[in-house]
Structures are given as C-alpha cells and as structure tokens.
Amino acid sequence: MAEKTHINLVFIGHVDHGKSTTVGRLMFDSGNVDEQTMRKLKDKAQELGKGGFEFAFVMDNLKEEQERGVTIDLAHKKFDTDKYSFTIIDAPGHRDFIKNMITGASQADAAVLIVSGNPSDGVQAQTKEHVFLSKTLGVNQLIVAVNKMDMAKWDEARFNAVKDEVSKLVQSVGHDPSKITFIPVASFHGDNIVKKSENMGWYTGPTLLESLNSLNPPEKPTELALRLPIQDVYNITGIGVVPVGRVETGVMKIGQKVTVVPGREHKGVSGEVKTIEMHHEQMQKAEPGDNIGFNVRGIGQKDIARGDVLGPADNVPTVAEEFTARMVVLNHPSVITVGYTPVFHIHTAQVACTVTEIVNKLNPATGEVAEEKPDFIKNGDTATVKLKPVQPLVIEKQEDFPQLSRFAIRDSGSTVAAGMCIDLVKKQL
C-alpha cells in the first residue's frame, strides 16, 4: 500500500473551549482509539472526579494534566483517515502554556480553531492570540469548529453569530473567510465530528473528519538543504544519544555527514547519521514534516541542546551575528524602542535579542514605508527592525528558508510581537 501523505495538524483556541475533547472524540469515533482504552480513561476520569473528561484524557497523558483538567504540554498523536496520515498536535490554550502553543503552531501545516458556541463564550482573548500567531507562524489552512452547540440549544442563529465574529477576526490577519469551513459541533456528544448530527438538520456541510480530508497536503521543501531544529536530546540505554526534532526542509539520510550549530562551545559539532526512527519504526531517510528521533556518531548528549539546528556538513545552518526583521507589534503594554531586549521564540530556540535600530514603519495593508526611523513602535504597527541576539542563534532569511525565519516575541507572559527575518549578518564560528 502506498504511503499516505502526512499532515501536521494543530488544534488551537481558548482554554476550556473543548480542544482536547474534540481530538479525543475524533480519534475514538474514527476507530483510532479502541473501546477498551476508552473505557479505562472513562473509569480514570470518574475516579479523579472528572466525569466527562474521558475524551480529553486521550490526549492529556500527563498525570498532572489529568488531575487539573488542563493541557500543559504538546501532545503528538498519530491519526489516520482513508486519505491522509495526520500527526495531531494538541496545543495548550491556557495562558501560561502559550510558549508550547508557539512550538506547536510553528510545526503545523493546518490548524483547527475551536471556538465555544456557548452563549457566554465566543471569541476570547486567546482565540485572537492563537489565530494571529498561527498565521504569522505560517499556518495558512484553517478549519473552524464552533463547539458546545448543545449548550447553545443547537441554535443556527447562535452558530451564525459566532461564525461572523470569527470571520472578522481571521480576515483581520489575512485569511479569506470564504475559503474556511465553519462546522457546528458538540464534541462531547460526537455531533458533526465523525458522524453527521441529528440535532442540527439545518447544517448541510461536511463533518470535521470530512473537512480534514479536504485539506491540501503541504508542499515538501525537499529541494532545500536539510534543516532540523532540535526539540529535545535523550539518552536511551542501548542506543545512546537520541536528539528529537522535526525536519523542516531537505532530506536526512543514513550515513549523511551533518553539523549542529551553535552547539555547546558555539563552534558547531559534526558527525554522521547512524539511525533514524519515526513512530518507533526505523527509516532510511526523513523528509520535511517528519517528527523523528535519530542517532549521530560523534555527537554526545552535552554537545547539543534544544534550539540548536542540524544541517548538512557542507551547508551548515546560519548563526546570525545580527538580523533584520519585519515584525508586527501585537500586544505591548507601552512602546518598543531601541535597547528593548525581549525573548524570541524561533523554531525550537528561545533567545533574548536587543533592538538596535528601528529602520522604518510600514503600512500593513500595502507593505510600503510609512515613516523612516521612528523613535518607537506600538501596538498595531508593522515595522522593519534590526536585532542583535544576546547569545548565538540560528535564524535564516525568509527568502532562503521561510520555515526558519519566523519568530514570536514574548515578554512577561504574553506574546508581544511576531515576524520574520528578511536579512542577516552571518556570525563566523
């Protein structure tokens, strides 16, 4: 049987709007989770006094999450439809956990936005933040599921009101609402997830499962050089050091000579790829979109860390001395001026960078320069800015490797700005 096309799918949306429950229901009703596992989770939920959370528990594996009923870390789950093979990334909606959400969205090819249709809910602060971030981080395909329709008494008018609200929001970040599928669902009951709902005869569109099958597969940038940001480094008995990450561009092959930068001494570390594994199966090669674990002869556990990037020995990833970015200020309490040094989240790295110059302010609609060398920029402004990383950082130009050019800026618990690198000065290692 031919390999199915692989799609990374992230579920985003405000806390408690039903992301985990939707994913659990989707996996159970489509036969990706068996009855026995589901029964165990149901007993577990009741035992913890969380009856009704059993579907969420499919994704929320961590003990602490089950006890608190909140998704903390990113969970990855395989999920197959007759057409595609999905890796579902269930991203936390909870405020404190948004940096994990950034990691999740930056890995995704498409997003399902869950918005509660409960009359007291609708678009919330994080709904906005997640929509903006996912777009800035390059997620261009979106499906919107309006959940908890049972709490809205299956009312079509309520669904349309939420749809209008969300349409305005997604349009403001550059999505075309007419190309987005909006689905009324009740995830806990399974309405319109896999089976058509009997409670909403007025809705004639696809179920969530059907809409997933109509997503476009991502274009695989296999023609670019290999780039793989390291997510974690494990030491596994009998195998040795196993770094884990997702191939962003290019192809990784067994026997390939690779270099990871900046690496421990900031000089880069090199070795040869010995094994590649995905979902517990050995592979001969890995392509863009593959989440893999691998072993490199010559690289020890202390040599590399999360945020480093692997590339071919003859086309090493770029470590920037300084870089120029185009960015949008989303949510800064006052104004951003030269000297500001927030934390940048870029691929899997988190590095503080200092604003050394505000080059210009742009008209966000046309991209034309609106003002040269402004003294400051504030919420809603789009600007070109020069930045200097406080410690070595791998970042690539948008035109060379768009996958490694995007970043989000966080400061004291919220996402302040997001953008992409358009030029850089290379650091000599």
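The values are calculated or read from the model by the stated rules, or taken from the named source; none is laboratory data. As the structure is a computational prediction, the values presented were derived from the model and not from experiment. Note: ideal-geometry Cβ built from the backbone for every residue, glycine included; neighbour counts use all protein chains shown.
General remarks:
- Against the conditions (1) among the small types (Gly, Ala, Ser); (2) within 30 Å of LYS163 (Cα to Cα); (3) surrounded by 15 or more Cβ atoms within 10 Å (Cβ to Cβ), SER214 satisfies every one except (3).
The rows are residues; the columns are (1) at pLDDT 95 or above; (2) not in a loop (DSSP other than H, G, I, E, B).
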| residue | (1), (2) |
| --- | --- |
| PHE182 | yes, yes |
| GLU219 | no, no |
| ASP232 | no, yes |
| ASN235 | no, yes |
| VAL241 | no, yes |
| VAL244 | no, yes |
| VAL258 | yes, yes |
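- For THR237, the conditions (1) surrounded by fewer than 16 Cβ atoms within 10 Å (Cβ to Cβ); (2) among the polar types (S, T, N, Q); (3) in the same structural domain as VAL23 (by TED's automatic domain parsing) all hold with the exception of (3).
- Hits in the stretch 270-287 - residues which are at negative phi and in a loop (DSSP other than H, G, I, E, B): GLN284, GLU287
- Some residue of the stretch 181-204 being within 23 Å of the chain's Cα centre (by Cα), under 30 Å from VAL33 (Cα atoms) and without any contact (Cβ under 8 Å) to a residue 40 or more places away in the chain: yes
- Among the criteria (1) surrounded by 13 or more Cβ atoms within 10 Å (Cβ to Cβ); (2) at pLDDT 95 or above, the one GLY205 does not fulfil is (1).
- So GLU198, is it touching a Gly at 6+ places or on another chain (Cβ under 8 Å) and not aliphatic (A, V, I, L, M): no
- Any hit, the stretch 208-221, residues being aliphatic (A, V, I, L, M) and either more than 30 Å from TRP154 (Cα to Cα) or over 24 Å from the mean Cα position of the chain (by Cα) (or both): no
- Candidates VAL146, VAL194, VAL162, VAL139, filtered to the one that is surrounded by 15 or more Cβ atoms within 10 Å (Cβ to Cβ), touching a Leu at 6+ places or on another chain (Cβ under 7 Å) and assigned by TED's automatic domain parsing to the domain that holds GLY24: VAL194
- Test: GLU357 is exposed (fewer than 15 other Cβ atoms within 10 Å of the Cβ), in the same structural domain as LEU330 (by TED's automatic domain parsing) and either in contact with a Gly (Cβ under 6 Å, 6 or more places away or on another chain) or within 28 Å of PRO317 (Cα to Cα) (or both): yes
- Enumeration of residues in the stretch 313-356 that are at positive phi and modelled with pLDDT of 95 or more: GLY339
- Screening the candidates VAL15, VAL33 for the property of being in a loop (DSSP other than H, G, I, E, B), in the same structural domain as LEU142 (by TED's automatic domain parsing) and at pLDDT 75 or above yields one hit, VAL33.
- Whichever residue in the stretch 288-302 is out of contact with any Gly (no Cβ under 6 Å at 6 or more places or on another chain) and in a loop (DSSP other than H, G, I, E, B) and, among such residues, is surrounded by the most Cβ atoms within 10 Å (Cβ to Cβ): PRO288
- Annotation: ASP423 fulfils all but one of (1) out of contact with any Cys (no Cβ under 9 Å at 6 or more places or on another chain); (2) modelled with pLDDT of 90 or more; (3) more than 25 Å from LEU224 (Cβ to Cβ); the unmet one is (3).
- Looking at the stretch 63-160, the strands (runs of 3 or more DSSP E) lying wholly inside it that each contain 2 or more residues that are modelled with pLDDT under 80 and closer than 13 Å to PHE11 by Cβ sit at 75-80, 84-90.
- Within the stretch 166-191, the set of residues being surrounded by fewer than 20 Cβ atoms within 10 Å (Cβ to Cβ) and polar (S, T, N, Q) comprises SER167, GLN171, SER172, SER178, THR181.
- Screening the candidates ALA352, ALA305, ALA325, ALA320 for the property of being hydrophobic (A, V, I, L, M, F, W, C) and either without any contact (Cβ under 8 Å) to a residue 24 or more places away in the chain or outside any strand (DSSP E or B) (or both) yields one hit, ALA305.
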